[in-house]
1. Nearest 0.05, what FRET efficiency do residue 130 and residue 53 give at R0 = 35 Å with Cβ-Cβ as r?
2. Please work out how much length the chain gains when fully extended from residue 209 to residue 109, using 0.36 nm per residue of separation minus the C-alpha to C-alpha distance, in nm with one decimal.
3. So for segment 151-200, averaging the separation of alpha carbon pairs under 8 Å that are six or more residues apart and normalising by length, what relative contact order in percent results?
4. Using Cα pairs under 8 angstrom and six or more residues apart, how large is the relative contact order of segment 209-256, in percent?
5. Treating segment 127-284 as a set of equal point scatterers at the Cα positions, no solvent, please give the Debye-formula log₁₀ I(q)/I(0) at q = 0.20 Å⁻¹.
6. Can you work out the PRE-style zone for residue 100? Point 7 Å along Cα to Cβ, and I want the residues of segment 122-165 with backbone N under 13 Å.
7. Working from Cα positions, state the angle (0 to 90°, nearest 10) between the long axis of helix 49-61 and the longest principal axis of the chain.
8. If you wrap a convex hull around the Cα atoms of segment 63-211, how much volume per residue is inside, in Å³?
Ligand code: GLU
């Protein structure tokens with residue numbers, strides 16, 4: 001068994017991260033497996049080395065250890081670009097010049113007043129650029145995003161094993177059809193307009209490159225797992241077992257976010273909390 005914790009160094013780790021990291025670490029240890037760390041610093045406009053240093057410090061403080069070197073997404077550009085090029089050449093990707101406003105306008109147009117359908121990444125792309133001149137612009141073209149042509153990419157039926165629980169109690173063997181992938185996920189972005197590879201593609205390639213067998217992460221990523229499973233099939237990569245865990249919420253029942261600096265591990269540490277206190281707070 002190989003598990004991982006994959007934080008983005010864009011803010012302080014909070015109690016939710018501690019829960020996720022400890023869950024992945026404990027699962028690997030209980031099975032005599034291995035726990036890996038991966039720094040998801042793909043968005044170089046938001047990632048900071050200071051946050052990365054703080055991540056190492058906080059995790060060590062919690063008693064978590066991992067083998068070096070740590071995989072960092074910022075070093076994986078060549079691998080991501082090679083896959084994007086390949087997918088584009090095989091007709092699975094198309095260029096898209098739409099910004100958020102364009103997408104909202106096009107998606108709302110057919111039925112005024114009716115909420116447009118959404119997927120894991122927000123409003124489903126209405127297909128504006130599909131089949132246009134823009135669609136033919138290759139990955140790497142400035143200002144152009146690249147989307148997966150889901151109707152071409154999805155085929156047959158899909159399945160993955162969930163050993164945790166989705167937000168609606170989904171567990172066990174989760175299956176869905178190619179038609180469902182088109183309807184629920186849409187033409188997701190794999191290369192962003194700002195030139196960075198999208199999370200969905202990076203996570204799938206990195207989990208495979210690190211040989212991750214069990215992905216342990218928060219329930220908020222359960223729906224996105226369908227995207228990952230479609231991409232794994234398309235790219236000939238194995239589908240790991242997924243374990244989505246409950247989210248740590250604040251006193252108002254709201255999910256913790258990076259901006260909740262008040263609940264940063266570092267804050268609890270300076271206030272004198274011990275790792276045992278943290279574990280108690282998150283119910284471990
Ligand atoms: N980097 C993601 C985050 O910090 C984690 C993604 C994952 O675990 O798949 O939310």
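1. Here the calculated transfer efficiency is 0.20.
2. Separation in residues times 0.36 nm, less the Cα-Cα distance, equals 31.8 nm.
3. Relative contact order, segment 151-200: 31 percent.
4. 46
5. -1.27
6. Residues 122-123 fall inside that zone.
7. With rounding to tens, the tilt is 40 degrees.
8. 166
Here, each number is a calculation from the coordinates, and none is a lab measurement. What you see is a predicted model; the values in this text were computed from it and never measured. In this analysis, Cβ positions are derived from the backbone assuming ideal geometry, glycine residues included, and neighbour counts consider all displayed protein chains.
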